[in-house]
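Read the structure below first, then the notes.
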Amino acid sequence: MPNIVVLVKQVPDTYSERRLAEADHTLDRESADAVLDEINERAVEEALLIKEAHGGEVTVLSVGPERATEAIRKALSMGADKAVHVTDPALHGSCLLQTTRVLAAAIGKVDGVDLVIAGNEATDGRGGAIPAMLAEVLGYPQLTHARKVTVDGSAITVTRETDTGLTHLSATLPAVVSVGEKINEPRYPSFKGIMAAKKKPVETFTVADLGIDAAEVGLAAASTTVLESTPKPPRSAGQRVEDAGDGGAKIAEYLIGQKLI
């Protein structure tokens, strides 16, 4: 009966205009619609499938502003049992290292964790390093980029798809697993699930609650810094080809000029 923690993150909707704040070059989260990252929906789904097969409990964990409660409730409405939300203004601009430390401390607040499941990368930062870094901090084996997960007692096996074939990884729980887009198709929350999510417990922590000094997290203490950012230039008009019998030749000349043929 594994006790599973799923890492979830609220990110700007990929269909919204996303930009960096001019003041500090961090992501301007207020300028775009916010959603639960799609890869996290798959991570939650995989945790629920394991719970349905073996029992246990699913806790979703998120680090983010108060607004991230919306993403947490989405995960709870899918069927997760409870949630942990780390929210603190001091976390603004935190780097991957700082975020990993906070996540590890928050996981320590959950009793008897057997398995941590995460997406392979978030659609906002796209660092793709948190699962591996978290496994290192926790001292857990890491089984990353999984497209299939099998739990058998205290043993866990994942199948990873690579350019050269399939790789099979095995470890003993507790472990950290990251999943890719091919892992499953996440379920849609039912009306009953949405209503039930409103009553499920969400425990909130600040960095001080986790025993972390606020001066050690956030933009000022981050290990990486964005020095400059420039908005993407507007798309220029394309080149129009009028076909007067020589359209094919003109297109070929253009493609040759662009070194495409």
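Number of residues in the stretch 131-143 that are closer than 9 Å to SER178 by Cβ and surrounded by fewer than 23 Cβ atoms within 10 Å (Cβ to Cβ) equals 2. Residue pairs whose Cβ atoms lie under 7 Å apart, sitting 6 or more positions apart in sequence or on different chains, and linking a residue in the stretch 215-227 that is in a loop (DSSP other than H, G, I, E, B) to a partner that is open to solvent by 70 Å² or more (accessible area, probe 1.4 Å) and not hydrophobic (A, V, I, L, M, F, W, C), are GLY218/HIS92.
Of the listed requirements (1) under 27 Å from PRO65 (Cα atoms); (2) open to solvent by less than 80 Å² (accessible area, probe 1.4 Å); (3) hydrophobic (A, V, I, L, M, F, W, C), VAL151 misses just one: (1). For the stretch 86-102, a tally of residues being part of a loop (DSSP other than H, G, I, E, B) and open to solvent by less than 40 Å² (accessible area, probe 1.4 Å) returns 5.
Residues in the stretch 185-199 include none that are crowded, with 18+ Cβ neighbours inside 10 Å and either touching a strand residue (DSSP E or B) at 6+ places or on another chain (Cβ under 6 Å) or part of a strand (DSSP E or B) (or both). Residues considered: THR167, THR144. Of these, the only one that is of a type in the set (Ser, Thr, Tyr), assigned to a strand (DSSP E or B), over 30 Å from VAL226 (Cα atoms) and free of Cβ contacts under 8 Å to residues at least 40 places away in the same chain is THR167.
Could you identify the single residue in VAL158, VAL176, VAL202, VAL207 that is surrounded by fewer than 16 Cβ atoms within 10 Å (Cβ to Cβ) and at pLDDT 90 or above? When all the criteria are applied, what remains is VAL202. Set side by side, the residues THR123, THR87 differ, and just one is among the polar types (S, T, N, Q) and more than 15 Å from the chain's Cα centre (by Cα), which is THR87. Determine whether GLU57 is closer than 19 Å to VAL158 by Cα and crowded, with 17+ Cβ neighbours inside 10 Å. Here the answer is no, as GLU57 does not meet what is asked. Looking only at residues in the stretch 147-164 that are assigned to a strand (DSSP E or B) and among the acidic types (Asp, Glu), the one that is farthest from VAL6 (Cα to Cα) is GLU161. Residues to consider are ILE50, ILE4; find the one that is within 24 Å of GLY193 (Cα to Cα), among the hydrophobic types (A, V, I, L, M, F, W, C), in contact (Cβ under 8 Å) with a residue 24 or more places away in the chain and in a strand (DSSP E or B). So the residue among ILE50, ILE4 that is within 24 Å of GLY193 (Cα to Cα), among the hydrophobic types (A, V, I, L, M, F, W, C), in contact (Cβ under 8 Å) with a residue 24 or more places away in the chain and in a strand (DSSP E or B) is ILE4. None of ALA105, ALA23, ALA32, ALA83 is within 27 Å of LEU219 (Cβ to Cβ), without any contact (Cβ under 8 Å) to a residue 24 or more places away in the chain and surrounded by 17 or more Cβ atoms within 10 Å (Cβ to Cβ) except ALA32. Looking at the stretch 7-17, which of the residues that are under 23 Å from HIS85 (Cβ atoms) and in contact with an Asp or Glu (Cβ under 8 Å, 6 or more places away or on another chain) is most open to solvent (accessible area, probe 1.4 Å)? Within the stretch 7-17, the match that is most open to solvent (accessible area, probe 1.4 Å) is LYS9.
So, GLU17, is that one over 19 Å from ILE130 (Cα atoms), modelled with pLDDT under 95 and assigned to a loop (DSSP other than H, G, I, E, B) or not? In short, yes.
The values are calculated or read from the model by the stated rules, or taken from the named source; none is laboratory data. Note that this is a predicted model, so its numbers are computed, not measured. Note that each Cβ is placed from the backbone with ideal geometry, even for glycine, and that neighbours are counted across all protein chains shown. For accessibility, only protein heavy atoms count, side chains too; no ligands or nucleic acids. Shrake-Rupley method; radii C 1.70, N 1.55, O 1.52, S 1.80 Å.
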